[in-house]
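A.B. asks: One structure coming up, written as structure tokens, with questions to follow.
The values are calculated or read from the model by the stated rules, or taken from the named source; none is laboratory data. Model, not experiment: these values are computed from the prediction. Virtual Cβ from ideal backbone geometry, glycine too; neighbours counted across all protein chains shown.
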Amino acid sequence: MRPITVFESHFKAAQVMLKVYRLLDSDVNQTEQDSLVPQLREMMSSEPDEPLVLLLNDLFLGAVRERADLAPAFFGRPNLSLLLRQAVVSSCTAMDVFFPALLETHLPTVIQVRQRNFLPNAGDVKNLFRDFRLRLDDIVPFLEEEKAEDRWDRLARRILDYCRDKTLSNVSGVSATMIMLGVQDPWRRIAQRAGTTESALQNQVKTLVKRRNDIVHRGDRLVGQTEGPAEAIDYAWTSAHVNAVESVAHACDALANESTQGLKAEAGVA
């Protein structure tokens with residue numbers, strides 16, 4: 001499965017949450033209530049005394065019947081905000097699976113072509129590999145491989161195994177991943193693809209990842225807070241930041257493909 005397909009299969013959950021929020025976000029005034037509820041009762045053959053919850057916006061008209069056992073407060077903003085928080089978590093999860101998949105697809109080719117020069121030893125890449133070690137019993141299998149390409153492939157496997165335990169779904173992780181795949185100055189080029197500025201896009205990713213951590217670890221409270229109400233969240237903020245993640249993923253996928261194809265052409269590899 002292509003890395004971008006892996007991303008989209010997980011990112012779809014975030015899109016669904018946003019769409020469901022838009023459908024259920026209802027603010028009905030008394031005039032609309034008085035006008036529509038009798039018509040809905042007639043359509044549903046509802047008894048005159050059956051409580052109905054009317055949901056109405058420019059996308060959706062619906063009525064929730066008594067046997068659903070859902071009070072009007074269930075559809076209030078505090079409950080619907082849970083959908084937005086889940087969209088934040090789901091979009092970050094999509095990044096969590098996408099960048100390891102991107103490395104899995106392209107890094108073996110980069111290593112085969114560049115060989116000993118494949119790993120830049122500076123910046124975000126250096127930080128990512130500061131704990132990387134090869135023990136003596138790791139080296140012996142390399143020596144047992146007869147062909148050079150098999151040795152490089154084994155090294156690629158070892159590095160991919162190491163990276164699976166690292167967080168790549170943040171600004172520095174994205175940078176390290178793309179540099180390893182031969183994409184220089186990655187955030188500038190990602191921002192160009194996304195049609196925005198480098199600093200703006202990085203800030204959106206940083207903010208989203210921090211919000212995900214607040215949601216998962218503290219119920220959407222700030223660091224150091226374990227009690228009290230959750231931070232406010234709204235649709236516009238969530239939609240903008242979730243969409244930024246999608247832009248980053250598609251830009252990185254295109255840049256990685258272009259880089260790999262360029263390396264193959266340069267080395268005369270089919």
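A.B. asks: Check whether at least one residue in segment 219-238 is touching a Phe, Trp or Tyr at 6+ places or on another chain (Cβ under 9 Å) and under 20 Å from F98 (Cβ atoms), and report yes or no.
C.D. replies: Yes - at least one qualifying residue is present in segment 219-238.
A.B. asks: Return the pairs, sorted by first residue and then second, in which the second residue is part of a helix (DSSP H, G or I), the first residue lies in segment 63-79 and is surrounded by 11 or more Cβ atoms within 10 Å (Cβ to Cβ), the beta carbons are less than 6 Å apart, and the residues are 6+ apart or on different chains.
C.D. replies: Cβ pairs passing all conditions: A63/L40; F75/L24.
A.B. asks: Here is a follow-up. State yes or no: is D165 farther than 29 Å from Q86 by Cα, among the acidic types (D, E) and over 16 Å from the mean Cα position of the chain (by Cα)?
C.D. replies: No, not satisfied.
A.B. asks: While we're on this one: When you check R189 against the structure, is it farther than 20 Å from C92 by Cα and not hydroxyl-bearing (S, T, Y), yes or no?
C.D. replies: Yes: the conditions hold for R189.
A.B. asks: Restricting to segment 124-146, what's the tally of residues that are under 22 Å from L181 (Cβ atoms), in a loop (DSSP other than H, G, I, E, B) and either among the charged types (D, E, K, R) or at pLDDT 90 or above (or both)?
C.D. replies: Selection size over segment 124-146: 2.
A.B. asks: Looking at P108, P100 in this structure, which one is in contact with a Lys or Arg (Cβ under 7 Å, 6 or more places away or on another chain), surrounded by 12 or more Cβ atoms within 10 Å (Cβ to Cβ) and assigned to a helix (DSSP H, G or I)?
C.D. replies: P100
A.B. asks: Please determine, by comparing only the residues of segment 56-72 that are at pLDDT 90 or above and assigned to a helix (DSSP H, G or I), which one is nearest to S239 (Cα to Cα).
C.D. replies: Once the filter is applied, the top-ranked residue is A68.
A.B. asks: Taking the options R130, R189, R164, name whichever one is more than 28 Å from S247 (Cβ to Cβ) and either of a type in the set (D, E, K, R) or touching a strand residue (DSSP E or B) at 6+ places or on another chain (Cβ under 8 Å) (or both).
C.D. replies: So the residue among R130, R189, R164 that is more than 28 Å from S247 (Cβ to Cβ) and either of a type in the set (D, E, K, R) or touching a strand residue (DSSP E or B) at 6+ places or on another chain (Cβ under 8 Å) (or both) is R130.
A.B. asks: Please go through (1) farther than 29 Å from A265 by Cα; (2) free of Cβ contacts under 8 Å to residues at least 60 places away in the same chain; (3) within 20 Å of the chain's Cα centre (by Cα) for W187 and return the number of the only condition it doesn't satisfy.
C.D. replies: (1)
A.B. asks: Quick check, is D69 within 30 Å of L18 (Cβ to Cβ) and among the acidic types (D, E)?
C.D. replies: yes
A.B. asks: I would also like to ask the following. Can you find a residue that is of a type outside the set (A, V, I, L, M), surrounded by 16 or more Cβ atoms within 10 Å (Cβ to Cβ), touching a His at 6+ places or on another chain (Cβ under 6 Å) and in contact (Cβ under 8 Å) with a residue 60 or more places away in the chain anywhere in segment 25-38?
C.D. replies: no
A.B. asks: Among the residues of segment 196-235, which ones are over 19 Å from the mean Cα position of the chain (by Cα) and either under 26 Å from A256 (Cα atoms) or aliphatic (A, V, I, L, M) (or both)?
C.D. replies: T197, L222, V223, A230, A232 - these are the residues of segment 196-235 that are over 19 Å from the mean Cα position of the chain (by Cα) and either under 26 Å from A256 (Cα atoms) or aliphatic (A, V, I, L, M) (or both).
Every residue, every condition in (1) of a type in the set (D, E, K, R); (2) touching a Phe, Trp or Tyr at 6+ places or on another chain (Cβ under 6 Å), yes or no:
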| site | (1), (2) |
| --- | --- |
| R2 | yes, no |
| T5 | no, no |
| E32 | yes, no |
| Q39 | no, no |
| L55 | no, no |
| D58 | yes, no |
| V89 | no, no |
| D96 | yes, no |
| V110 | no, yes |
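A.B. asks: Output the residue which, of all residues in segment 39-62 that are aliphatic (A, V, I, L, M) and within 24 Å of A14 (Cα to Cα), is surrounded by the most Cβ atoms within 10 Å (Cβ to Cβ).
C.D. replies: L55
A.B. asks: Now, a different point. Restricting to segment 250-264, count the residues that are surrounded by 19 or more Cβ atoms within 10 Å (Cβ to Cβ) and closer than 24 Å to H10 by Cα.
C.D. replies: Residues flagged as surrounded by 19 or more Cβ atoms within 10 Å (Cβ to Cβ) and closer than 24 Å to H10 by Cα within segment 250-264 amount to 5.
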